[in-house]
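**Student:** After the structure tokens below, expect a handful of questions from me.
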Amino acid sequence: IARAYLTYPRPVGGDYYNALTYAIHFSQHVPFPPSGWLAFWHEGIPVIGGYPTLVFYLMSPLFWFFEPAFAMEIFTIYSILLFLLVSFLLFWEITKSSAFSFILTFILYKTNATYYQIFGEGLVVATASQWLLPLTLFFLYRFFRTNNNKYLLLCALSTGISLLFHP
């Protein structure tokens, strides 16, 4: 799987390989309780923070069935599909037109900007969390339209989850 990244005609960010190191570590033993550091890095000094690990906890069930690199690929594809689905819901909420929402989602599907994180930089974590932006905007738009505080709470929760994904 890494051959596609190594032979890609444009430069690919090293974050893919950094994430792969974490994925391999999580596939061998999922650290619990959740921590933001790996003991074998930084000469065993516990560096709090570091690489965000929520993605790898969410990815860990895939490690039961697939190799870490392939599990990362599946998780990234799932995340991009989730981004397109939530974007469609946001567009539908704003326009109330299925056709127009589909056209805007199709534009997102065809543009390179949707896939820049994974193919341009190798940012698996950013790709996995990008669906939270349209979800946050969806709840924010619903709050302004209905003035119901539960949508503002859901907006705050999705923003908080995005911070846990990529602090």
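The values are calculated or read from the model by the stated rules, or taken from the named source; none is laboratory data. What you see is a predicted model; the values in this text were computed from it and never measured. These area figures cover heavy atoms from the full protein model, side chains too; ligands, DNA and RNA do not enter into them. Shrake-Rupley method; radii C 1.70, N 1.55, O 1.52, S 1.80 Å.
**Student:** Run through every distinct alpha carbon pair of the range 58-122 and return the Kirkwood hydrodynamic radius in angstroms, one decimal place.
**Tutor:** So the Kirkwood estimate lands at 13.2 Å.
**Student:** Give, to the nearest whole percent, the P(r) tail of the range 95-167 beyond 15 angstrom, counting all Cα pairs.
**Tutor:** 64
**Student:** Taking only protein heavy atoms into account and a 1.4 Å probe, give the accessible area per residue of the range 55-167 in Å². Before the final figure, lay out the partial values.
**Tutor:** Details: 6420 Å² over 113 residues.
Result: 57 Å² per residue.
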